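A.B. asks: Here's a structure for you.
The values are calculated or read from the model by the stated rules, or taken from the named source; none is laboratory data. These figures come from a predicted structure and were not determined experimentally. Cβ sites come from the backbone with ideal geometry, for glycine too, and all protein chains shown count toward neighbours. Just the protein is used for accessible areas: all its heavy atoms, side chains included, with ligands, DNA and RNA removed. Shrake-Rupley method; radii C 1.70, N 1.55, O 1.52, S 1.80 Å.
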Amino acid sequence: MKNKNNYDIIIIGAGPAGLSCARALADTGLRIALVEKQSLATLAAPPLDGRDIALTHDSMHLMRDLGMWKHIPKNEISPIRAAKVFSGASSYFLGFDVAGTGKAELGCLVPNNEIRRAAYLSLKGFRNITIRDKAEVSKISTDDVRGTVVLASGETLTAPLVIAADSRFSAARRQMGIPVDMKDFGRAAIVCRMTHDGDHAQTAYECFFDDWTLAILPLQGKKSSIVITLPADQADAVMAMPAAAFNARIERNLGDRMGTMTLTGNRYIYPLVATYAATFAAPRFALMGDAAVGMHPVTAHGYNLGLGGAHILAQEIRQALAMGIDIGAPTVVDAYALKQRRASAFLYYGTNAMVGVYTDNRPAMLALRALGLRVANHLPPFKRYVTRQLTGKAA
Ligand SMILES: Cc1cc2nc3c(=O)[nH]c(=O)nc-3n(C[C@H](O)[C@H](O)[C@H](O)COP(=O)(O)OP(=O)(O)OC[C@H]3O[C@@H](n4cnc5c(N)ncnc54)[C@H](O)[C@@H]3O)c2cc1C
């Protein structure tokens with residue numbers, strides 16, 4: 001008889017990546033334990049966290065296929081029809097739009113808590129998935145035949161494959177001895193929502209000022225998601241600014257683009273630390289989501305990469321099952337790791353390099369920024385590459 005704590009797969013972390021990974025594997029019939037510190041009540045109704053996630057077309061397709069999309073309320077899905085990148089107060093911009101893509105939008109914005117809720121709801125009815133909530137993993141180890149996960153309660157779970165989706169500061173990754181390339185930008189992101197008089201025409205704006213950036217992401221109606229990145233030592237003052245002063249600062253920096261701006265709700269703060277694991281696989285172990293690649297949010301690829309990775313790993317596992325191969329075999333996890341590195345390495349290092357140029361305010365760099373926008377605007381292959389990242393293969 002099977003021990004109730006022996007599973008086929010253990011996934012650590014029921015964030016958006018861990019939940020999506022569980023859903024991508026749910027119809028294999030494998031017995032999967034999803035181990036999460038938070039409670040089921042929080043997973044069922046995750047609180048707002050200020051993040052509005054820009055989803056690519058590939059992600060939207062995957063979410064439809066996985067039965068997640070139908071759980072996202074229509075009024076929480078906001079299309080992005082165009083994007084404009086500005087350097088400083090200059091009115092010159094690098095523009096991207098849907099021309100030639102055959103698509104009505106570049107991508108869509110969905111609040112992070114709605115993605116988490118939808119992913120959780122999509123698991124309903126799969127009796128082979130067990131969510132072990134309020135359970136913190138305290139230790140993990142693997143050998144040639146199995147992975148062993150010890151919970152803070154002292155309980156031990158085993159499985160031939162363990163997947164860690166426990167955030168960019170993954171403790172499982174460290175315990176497995178996997179080094180990580182970590183870039184602490186010494187900066188923070190402040191996110192919030194604002195209403196405005198002007199019409200954003202479903203256009204996303206990214207403005208690079210001398211030592212801070214301001215992104216305006218279009219929600220439905222005259223409302224936007226605001227993302228400010230700034231040196232960490234200035235963040236507390238901006239978080240504490242009275243709403244009127246905050247409104248005035250944003251309004252001033254946007255010029256007359258949106259008219260009067262009004263903060264609605266809370267401001268949320270995130271440290272800007274990017275991480276890239278030295279390997280995404282080890283014996284009977286795979287890294288997933290931010291635990292594998294923790295992106296700087298400016299290019300909006302973190303969850304998109306995590307969801308794509310969940311799809312790749314699920315495909316490798318399905319193939320192993322079809323061929324009668326052990327699902328935790330090195331060939332399976334290594335194939336996933338190789339494909340996910342190919343999908344992410346250029347985006348990760350390219351994003352960090354771009355952030356480096358656009359947050360360096362030495363005079364030569366300021367000139368390079370302005371020049372960079374003009375050069376990029378006249379480089380159709382570059383613009384096609386960026387657009388294709390958003391709209392998928394059809395672009
Ligand atoms: C400001 C901002 C804007 C962003 N915008 C975008 C965007 O536009 N597009 C995009 O694609 N991405 C975006 N991202 C990135 C995206 O939010 C992340 O990539 C995504 O949330 C990561 O999901 P995850 O499941 O890998 O990790 P997490 O969300 O960090 O979840 C990890 C889970 O593991 C659990 N956990 C951790 N340790 C343990 C343990 N020991 N035991 C049990 N459970 C544990 C945690 O409780 C948590 O539930 C943005 C990020 C930020 C900060």
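A.B. asks: Can you tell me, using C-alpha contacts under 8 Å and at least 6 residues apart, the relative contact order of the chain as a whole percent?
C.D. replies: It comes to 21 percent, rounded to a whole number.
A.B. asks: Right, here's the next one. 7 Å from Cα along Cα→Cβ at both Ala240 and His71: what's the point-to-point distance in nm?
C.D. replies: It works out to 4.0 nm between the two label points.
A.B. asks: Roughly speaking, what is the centre-to-centre gap between segment 284-310 and segment 175-221 when only Cα atoms are used, to the nearest Å?
C.D. replies: Each part reduced to its Cα centre gives a spacing of 17 Å.
A.B. asks: Let me ask you something else. State the dimensionless ratio Rg/Rh of segment 282-344 (Rg: radius of gyration of Cα atoms; Rh: Kirkwood radius).
C.D. replies: 1.02
A.B. asks: Please give the per residue volume of the convex hull enclosing the alpha carbon atoms of segment 1-49, rounded to a whole number of Å³.
C.D. replies: Output value, Cα hull per residue: 92 Å³.
A.B. asks: Right, here's the next one. How far is helix 330-358 tilted off the main Cα axis of the chain, in degrees rounded to 10, range 0 to 90?
C.D. replies: 20
A.B. asks: Which entries of Lys4/Lys339; Lys70/Lys223; Lys103/Lys124; Lys74/Lys183; Lys124/Lys339; Lys37/Lys139 show an alpha-carbon separation above 25 angstrom in the structure shown?
C.D. replies: In this structure, Lys4/Lys339; Lys103/Lys124; Lys74/Lys183; Lys124/Lys339 lie more than 25 Å apart at Cα.
A.B. asks: How far apart, in nm, are two points set 7 Å out from the Cα along the Cα-to-Cβ line at Glu155 and at Asp181?
C.D. replies: Going from the Glu155 label point to the Asp181 one covers 3.9 nm.
A.B. asks: While we're on this one: Taking the alpha carbon gyration tensor of segment 147-293, what are the square roots of 5 times its eigenvalues, largest first, to the nearest whole Å?
C.D. replies: Here the semi-axes work out to 40, 16, 15 Å.
A.B. asks: Moving to a separate point now. Along the charge dipole of the chain, pointing to its positive end and built from +1/-1 on Cβ of Lys, Arg, Asp and Glu, which listed residue (Ser138, Leu151, Gly309) has its Cα farthest out?
C.D. replies: It is Gly309.
A.B. asks: If you project the alpha carbons of segment 54-212 onto the principal axes, what extent comes out on each, in Å, largest first?
C.D. replies: 59, 41, 31
A.B. asks: Further, regarding this structure: Taking every Cα atom in the chain, find the radius of gyration and the maximum pairwise distance Dmax, and write them in Å.
C.D. replies: Rg then Dmax for the chain, in Å: 21.5, 71.
A.B. asks: Ignoring ligands, DNA and RNA, please state the percent of accessible area on segment 215-288 from carbon and sulfur, probe 1.4 Å.
C.D. replies: 57
A.B. asks: Same structure, new question: Rounded to a whole number, what is D in µm²/s for segment 21-114 from Stokes-Einstein with the Kirkwood radius over alpha-carbon pairs (10 °C, 1.306 mPa s)?
C.D. replies: Result for D is 98 µm²/s.
A.B. asks: Let me ask you something else. On a full-extension model of 0.36 nm per residue, what is the gain between Ala232 and Leu338, subtracting their alpha-carbon distance, rounded to one decimal in nm?
C.D. replies: Roughly 34.7 nm would be gained on extension.
A.B. asks: Using the Karplus equation 6.51 cos²θ - 1.76 cosθ + 1.60 (θ = phi - 60°), what ³J(HN,Hα) coupling, rounded to whole Hz, does each residue of segment 106-114 give in order, writing x for Gly and Pro?
C.D. replies: 3J(HN,Hα) across segment 106-114, in whole Hz: 6, x, 9, 9, 9, x, 4, 5, 6.
A.B. asks: Relative contact order for segment 1-154 using alpha-carbon pairs under 8 Å, separation at least 6, rounded to a whole percent?
C.D. replies: 31
A.B. asks: Considering only DSSP beta bridges where both residues belong to segment 1-134, give the percentage that are antiparallel (nearest 5).
C.D. replies: 60
A.B. asks: What's the angle, to the nearest 10 degrees (0 to 90), between helix 16-26's Cα axis and the longest principal axis of the chain?
C.D. replies: 40
A.B. asks: Separate question: Quick one: compute the contact order of segment 91-212, relative version, from alpha carbon pairs under 8 angstrom and 6+ residues apart, as a percent.
C.D. replies: Relative contact order comes out at 11 percent.
A.B. asks: Shifting gears a bit: Given the rule -39500 (n - 2.57) for each run of at least 4 DSSP H residues, summed and divided by the residues of the chain, what is its mean residue ellipticity at 222 nm, to the nearest 500 deg cm²/dmol?
C.D. replies: -11000 deg cm²/dmol
A.B. asks: While we're on this one: Less than 14 Å from a label point 7 Å out along the Cα-to-Cβ axis of Tyr268: which backbone N atoms in segment 189-218 qualify, by residue?
C.D. replies: Within reach of a label on Tyr268, which here means backbone N under 14 Å from a point 7 Å along Cα→Cβ, segment 189-218 contributes 189-194.
A.B. asks: Once fully extended, how much extra length lies between Met354 and Arg174, figured as 0.36 nm per residue of separation less the alpha-carbon to alpha-carbon distance?
C.D. replies: Computed gain between Met354 and Arg174 is 62.0 nm.
A.B. asks: Using only Cα atoms, tell me the angle between helix 243-254 and the longest principal axis of the chain; keep it within 0 to 90° and round to the nearest 10.
C.D. replies: Roughly 70 degrees, rounded to the nearest 10.
A.B. asks: Let's test the formula: R0 of 41 Å, r as the Cβ-Cβ distance of Lys134 and Gln220. What FRET efficiency results, to the nearest 0.05?
C.D. replies: E between Lys134 and Gln220, to the nearest 0.05, is 0.70.
A.B. asks: Still on this model: Provide the percentage of antiparallel DSSP beta bridges, counting only those with both residues in the chain; round to the nearest 5.
C.D. replies: The antiparallel proportion sits near 70 percent.
A.B. asks: Using 7 Å Cα-to-Cβ label points, what is the Asp49/Asn6 separation (nm, one decimal)?
C.D. replies: For Asp49 paired with Asn6, the spin-label model returns 3.5 nm.
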